[in-house]
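One structure is given below, encoded as structure tokens.
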Amino acid sequence: MVKSLIREIPKAELHLHIEGSLEPELMFELAERNRISLPFRSVEEVRKAYDFTDLQSFLDIYYAGAKVLLQERDFYDLTAAYLKKAHAQKVVHTEIFFDPQTHTDRGIPFATVIAGIRQALLDGQKQFGISSRLILCFLRHLSAAQAMQTLEQALPFKDWITAVGLDSSEAGHPPKKFTEVFDRARAEGFLSVAHAGEEGPPDYIWQALQELQAARIDHGVRCQEDPELVSHLIKNQIPLTVCPLSNVKLRVFDTMQDHNLKQLLDLGILVTVNSDDPAYFGGYIEENYTAVQQALGLSDDDIYRLASNSFQSAFLDGKDRQKFLALLKPFSAPETRR
Ligand code: ADE
Ligand code: ZN
């Protein structure tokens, strides 16, 4: 029952790096199309290299992989491939991160990147009925001045971007480094989110909330080390976009049995399940739900709550949120169905 519930229940995905959905097969296809030589001879060899020891060991490979993305069409194909997979797993709403600096630093115009992604999102809405938002992430290992420049490049495309976020190497790059950039982004009408408490300490989660006014925390699993922070997240119902397979692959937890998702859920935190970088971590949203369900013994009710939390946490207006939540009704326990 739980397995079919996971497969069938409508879900929102709120933590997905589009560059992290680049499957090795597409990486080779784009390398050939763009005449770029890869340091791997086969798809199998690429997959073998995906044996990470921490966040940085992953990021080094992830940024290298993104080098095959050059033309608008490449960004279109990448996004279209993700949407097809997400639709097959009953994702009806997705909020996608993109990392413009990974591309603009290689001389690719901001407009090329966003135009390809945007067209695929529009076509995904038409073809699959999948609704979407776009979130621009600043790379925190680069300077605040570079982030500000990126924000300025984004302004002509402001209507296509819902929020700004913060990703890349967490240790040594506290959210407060970007306070001014986020202030400016909010003044321009963007919402904000931030990766925090993945490898970094609970204090980085506080900073994301207090300095950057983040509406959601990406990962946030280290919040449990600070009881006051846990109370704050519960009281203010601040969503955590948790990515279980990512956390085990990057050794945030030794095994899936050690993951604290069920504890956070039982405490009353607004936890959601997401795939982060599915091409690198061994699965999309369904595989993430399944992995935590099996390792932590989640019930049908837990799965229902996770799906419900995903729509509660999404950047939707009231009417759309109610429309999506109504889709869940047939999946709730019979006594609660109205
Ligand atoms: N960029 C892509 N995936 C990431 C993650 N899990 N943490 C920080 N930056 C990322
Ligand atoms: Zn992430």
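The values are calculated or read from the model by the stated rules, or taken from the named source; none is laboratory data. Source: prediction; values computed, not measured. Here the Cβ is made from the backbone with ideal geometry for all residues, glycine too, and neighbour counts use every protein chain on show. Surface areas here come from the heavy atoms of the whole protein model, side chains and all, with no ligands, DNA or RNA. Shrake-Rupley method; radii C 1.70, N 1.55, O 1.52, S 1.80 Å.
Structure data summary
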{"item": "Only Lys, Arg (+1) and Asp, Glu (-1) charged, at Cβ; the chain dipole about Cα centre in debye", "result": "1000 debye"}
{"item": "Highest-fluctuation residue, N236, N260, N288 considered, GNM on the chain with Cα pairs under 10 Å", "result": "N236"}
{"item": "Surface share of carbon and sulfur [accessible, 1.4 angstrom probe, percent] for region 277-338", "result": "50 percent"}
{"item": "Binned Cα-Cα distances of the chain, short to long, each 20 Å bin given as a whole percent", "result": "32, 61, 6"}
{"item": "Gaussian network model of the chain, springs between alpha carbon atoms under 10 Å - residue of E95, E188, E19 with greatest fluctuation", "result": "E188"}
{"item": "Links that overshoot a 31 Å alpha carbon limit, given the list K177/K235; K158/K249; K176/K235", "result": "K158/K249"}
{"item": "The chain - mean residue ellipticity at 222 nm from DSSP helices (-39,500 (n - 2.57) per run, n ≥ 4, rounded to 500)", "result": "-14500 deg cm²/dmol"}
{"item": "Fluctuation leader among P227, P202, P24 - the chain, Gaussian network, Cα springs under 10 angstrom", "result": "P227"}
{"item": "Stretchable slack from T53 to I36, in nm (0.36 nm times residue separation minus alpha-carbon distance)", "result": "3.4 nm"}
{"item": "Whole-percent carbon and sulfur share, accessible surface of region 60-124, 1.4 Å", "result": "56 percent"}
{"item": "Per residue accessible area in Å² of the chain, where ligands, DNA and RNA are left out and the probe is 1.4 Å", "result": "40 Å²"}
{"item": "Cβ-based net charge around Y280, under 11 Å, with every Lys or Arg adding one and every Asp or Glu removing one", "result": "-3"}
